[in-house]
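Undergrad: Let me begin by handing over the structure; questions about it come next.
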Amino acid sequence: MIEQAIIDKANSVSIKELVSGLNWKTDTTGNKIICPNPDHYYSDNTPGVVFNPQSNKYRCFRCNKSFDSIGFYRSASEIQGNSKTFNEAVSDLLDMIDEDSNVLFDSKKAIKSTNYKGIHLYKCMGYELEYLHQRGICLYDSYKYNGKVYTETTLNKMSDEEQEEIRKQGVFYRGIAHILKKNRVYVKHSFDGVKNYICYEVKYDYDEDEELQERTHSMFENTDRSFVIAKSLDGQSKKNYGHIDFNFITDGMPMNEIYICEGMEDALTYTMNGKASISLNSVGNVNSLMDYFEQCYVPRYNQKIYLSLDNDAAGLNATQKLIDFFVEYNKNHKKQYRYAKVNIPEKFKDINEYWVDKFNQS
């Protein structure tokens with residue numbers, strides 16, 4: 001049990017700094033925010049949660065919830081796809097305090113999240129979001145207008161006239177952070193001393209996760225997912241940590257179609273378009289996916305598998321392997337797989353490049 005003195009110290013972190021660091025939607029003064037209560041957030045359209053400087057808390061008079069620094073950090077993190085236990089939240093907040101001066105670090109630059117097998121992962125911040133926007137992927141509700149992507153937080157800092165113009169004339173894209181959270185996929189940041197990386201952390205263990213078992217039944221049976229894929233923001237290098245395997249982004253998505261992709265950003269492309277997907281994370285994982293389809297997964301009569309791998313030799317070879325597998329499987333089983341190949345135009349390397357081209361035309 002954490003001592004009260006340590007809890008009080010974590011709660012001494014400026015809640016307004018946390019609001020700023022997490023890019024939370026506020027009014028123009030910063031004294032009112034959108035409610036971070038997950039049960040209220042999605043219906044709360046106008047910042048009305050009031051800041052009390054004496055108590056360092058926010059209070060929502062509509063849902064009657066109060067938020068100290070720990071409570072706000074946990075609620076906001078959950079909504080942004082990065083759930084925290086109470087102990088994790090306390091640890092994170094303490095990491096933001098400079099022990100010499102007892103002041104908050106610059107939370108806009110680094111909100112520490114986890115240490116995964118020797119690498120430090122931080123909450124995804126502005127430049128990672130920009131990286132994703134360039135790939136047509138919006139974690140949070142956004143508008144595309146005149147070649148730029150505007151999140152609700154960004155819009156809230158603009159004049160009423162500018163907001164109205166963008167909302168009326170821009171193209172709206174629903175954010176996918178809540179879908180990724182359901183599927184245990186977290187977008188984070190890392191820095192190795194030379195380059196900044198966008199990190200895709202997949203972390204769940206089916207055998208130890210009763211909630212996941214209840215929600216997905218046999219979908220993830222006997223699988224352990226705990227790994228990180230790190231891609232430098234300049235696109236020049238990629239690092240993997242842990243046992244990299246395929247992962248599903250299916251929970252909360254229609255299951256009549258599932259798209260098999262080579263990489264995470266391809267899978268996120270389908271998520272943006274409301275489609276369930278599987279990211280192989282490497283064509284080397286195609287054999288383990290076939291083993292899974294044969295031994296653990298039962299085809300549904302109203303479901304179709306779409307093969308959407310890269311337009312290169314490795315991708316085409318993996319696609320043919322999967323086709324050969326489905327043909328052989330269907331010869332020997334009453335319940336059969338329905339499948340088809342996605343024909344990505346040859347000028348595009350993968351489905352994400354095709355989506356980026358379409359996204360940029362909006």
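The values are calculated or read from the model by the stated rules, or taken from the named source; none is laboratory data. Because the structure is a prediction, the values reported are computed rather than measured. Backbone-built Cβ (ideal geometry, glycine too); neighbour counts: all protein chains shown.
Undergrad: Looking at (1) modelled with pLDDT of 90 or more; (2) touching a His at 6+ places or on another chain (Cβ under 8 Å), can you tell me which one Ser66 breaks?
TA: Among (1) modelled with pLDDT of 90 or more; (2) touching a His at 6+ places or on another chain (Cβ under 8 Å), the lone unmet condition for Ser66 is (2).
Undergrad: Could you list, ordered by first residue, the pairs with Cβ atoms under 7 Å in which the first is in the range 139-157 and at negative phi and in contact (Cβ under 8 Å) with a residue 24 or more places away in the chain and the second is of a type in the set (A, V, I, L, M) and part of a strand (DSSP E or B), at least 6 apart or interchain?
TA: Leu139/Val187; Ser142/Val149; Tyr143/Val171; Lys144/Val171
Undergrad: Residues of the range 42-74 being within 23 Å of Phe86 (Cβ to Cβ), surrounded by fewer than 18 Cβ atoms within 10 Å (Cβ to Cβ), out of contact with any helix residue (DSSP H, G or I) (no Cβ under 8 Å at 6 or more places or on another chain) and not hydroxyl-bearing (Ser, Thr, Tyr), which ones?
TA: Asn52, Arg59, Asn64
Undergrad: Could you grab me the full set of residues in the range 277-299 that are part of a strand (DSSP E or B) and either of a type in the set (A, V, I, L, M, F, W, C) or surrounded by fewer than 14 Cβ atoms within 10 Å (Cβ to Cβ) (or both)?
TA: Start the filter on the range 277-299 by keeping residues that are part of a strand (DSSP E or B), which leaves 277-279.
Ile278 - this is the single residue of the range 277-299 that is part of a strand (DSSP E or B) and either of a type in the set (A, V, I, L, M, F, W, C) or surrounded by fewer than 14 Cβ atoms within 10 Å (Cβ to Cβ) (or both).
Undergrad: Can I ask one more? Only one of (1) touching a His at 6+ places or on another chain (Cβ under 9 Å); (2) closer than 28 Å to Cys199 by Cβ; (3) modelled with pLDDT of 85 or more is not met by Ala110, so which one is it?
TA: It fails just one condition, (3).
Undergrad: What residue, among those in the range 179-226 that are farther than 23 Å from Gln80 by Cβ and among the acidic types (Asp, Glu), is modelled with the lowest pLDDT?
TA: It comes out as Glu221.
Undergrad: Only one residue in Asn317, Asn302, Asn343 is over 23 Å from Tyr173 (Cα atoms), outside any helix (DSSP H, G or I) and touching a residue at least 12 places away in the same chain (Cβ under 8 Å), so which one is that?
TA: None of the others qualify; the one that does is Asn302.
Undergrad: Restricting to the range 125-166, count the residues that are more than 16 Å from Lys358 (Cα to Cα) and assigned to a helix (DSSP H, G or I).
TA: The qualifying residues number 18.
Undergrad: Return the residues of the range 231-268 that are touching a helix residue (DSSP H, G or I) at 6+ places or on another chain (Cβ under 7 Å) and free of Cβ contacts under 8 Å to residues at least 60 places away in the same chain; say none if nothing qualifies.
TA: Within the range 231-268, Asp245, Phe246 qualify.
Undergrad: While we're here: Looking at (1) in a helix (DSSP H, G or I); (2) more than 22 Å from the chain's Cα centre (by Cα), which one does Asn311 not meet, given that it meets all the others?
TA: Asn311 satisfies all of (1) in a helix (DSSP H, G or I); (2) more than 22 Å from the chain's Cα centre (by Cα) except (1).
Undergrad: Any residue that is surrounded by fewer than 19 Cβ atoms within 10 Å (Cβ to Cβ) and in contact with a strand residue (DSSP E or B) (Cβ under 8 Å, 6 or more places away or on another chain) - is there at least one of those in the range 264-276?
TA: no
A quick yes/no check of all residues on (1) under 25 Å from Tyr41 (Cα atoms); (2) assigned by TED's automatic domain parsing to the domain that holds Ser20; (3) modelled with pLDDT of 70 or more:
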site	(1), (2), (3)
Ser77	yes, yes, yes
Asn87	yes, yes, yes
Ile97	no, yes, no
Asp100	no, yes, no
Val103	no, yes, no
Thr114	no, no, no
Lys117	no, no, no
Tyr131	no, no, yes
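Undergrad: A follow-up question, please. Select from the range 277-291 the residues that are under 11 Å from Asn247 (Cβ atoms), at pLDDT 95 or above and of a type in the set (A, V, I, L, M) and list them in ascending order.
TA: Correct list: Ile278, Leu280.
Undergrad: Restricted to the range 167-179, and to residues that are part of a helix (DSSP H, G or I) and basic (Lys, Arg), which residue is surrounded by the fewest Cβ atoms within 10 Å (Cβ to Cβ)?
TA: Applying the filter and picking the extreme gives Lys168.
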